[in-house]
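Comments concern the structure below.
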Amino acid sequence: MGSTGPEWLISEGLTPYPDALAAMEARVAAIRAGAAAERVWLVEHPPTYTAGTSARPEELLETRFPSFAAGRGGQWTYHGPGQRTAYVMLDLQRPHGAVPARDVRGFVHGLEEWMIRALWRFNVKGERRAGRVGIWVADTPVGEAKIGAIGVRVTRWVSWHGIALNLEPELAHFGGIVPCGLPEFGVTSLVHLGIPATMAELDAALMAEWPGVFG
């Protein structure tokens, strides 16, 4: 990545999902053309359901919020206020820290590790689960539950989309979908786990842990 790393952008307020898609698509094209720097973009969305390329229509259980085809991998995901979405736009043709060049699986593993390390700053043990995408917490009031989602797309070796970490979203809103196709598991958040973190503190943890994973 060089010595400077990606450009970090934090958007205030709520970013409509179609606006984020358009902005990412333009940035990815500019990165591939050598006309823009890599970027990590931190946003919050209005309540929205997004469908990955593996999403099944019957797993959208309610239509109270807008739904959009995301174009990323994965199934249904909820985005909303109190959830930090980080869009990661990197040129994967070269290595980034521990992530080898042209290794999409290694990139996804890096995103997982990034979330795990950021959560550990709040004394939350995030874990991977075989066969289940995302980051999980074993012991919550609803049993094992998901706290972080991952969905990526790679276009001409430039990544887009990324991760979503639950700080304090309205957990009932996840009830309108089968999250990631796993009806038997719940969702949780830092605040639901009794950790009164702020979005600024979560952002600071993500920024602090980035170099240890992505260089």
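Tabulated values for the structure
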| quantity | calculated |
| --- | --- |
| Every pair of residues 6+ apart whose Cβ atoms lie under 9 Å, when the first sits in the range 14-43 and is touching a residue at least 40 places away in the same chain (Cβ under 8 Å) and more than 22 Å from Pro95 (Cβ to Cβ) while the second is polar (S, T, N, Q) and assigned to a loop (DSSP other than H, G, I, E, B) | Ala20/Ser11; Leu42/Ser11; Val43/Ser11; Val43/Thr15 |
| Hits in the range 53-71 (condition: modelled with pLDDT under 95 and within 29 Å of Trp8 (Cα to Cα)) | Thr53, Gly71 |
| Total residues in the range 142-162, condition open to solvent by less than 10 Å² (accessible area, probe 1.4 Å) and without any contact (Cβ under 8 Å) to a residue 60 or more places away in the chain | 3 |
| Conditions (1) in contact (Cβ under 8 Å) with a residue 40 or more places away in the chain; (2) aliphatic (A, V, I, L, M); (3) closer than 20 Å to Val152 by Cβ; number of the one not met by Leu61 | (3) |
| Residues located in the range 166-215, provided they are within 17 Å of the chain's Cα centre (by Cα) and aromatic (Phe, Trp, Tyr) | Phe174, Trp210, Phe214 |
| Selection within the range 24-39 - under 29 Å from Pro66 (Cα atoms) and surrounded by 21 or more Cβ atoms within 10 Å (Cβ to Cβ) | Met24, Arg27, Val28 |
| Among residues of the range 129-141, those that are small (Gly, Ala, Ser), within 13 Å of Thr188 (Cα to Cα) and open to solvent by 40 Å² or more (accessible area, probe 1.4 Å), counted | 1 |
| The listed residue being surrounded by fewer than 20 Cβ atoms within 10 Å (Cβ to Cβ), closer than 18 Å to Asp203 by Cβ and in contact with a strand residue (DSSP E or B) (Cβ under 8 Å, 6 or more places away or on another chain), out of Gly71, Gly82, Gly126, Gly106 | Gly82 |
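The values are calculated or read from the model by the stated rules, or taken from the named source; none is laboratory data. This structure is a prediction, so every number in the text was calculated from the model and none was measured. Quick reminder, even Gly has a Cβ in these numbers, built from the backbone with ideal geometry, and neighbours come from all protein chains shown. The protein model used for the area step is the full one, side chains on, heavy atoms only, and it has no ligands, DNA or RNA in it. Shrake-Rupley method; radii C 1.70, N 1.55, O 1.52, S 1.80 Å.
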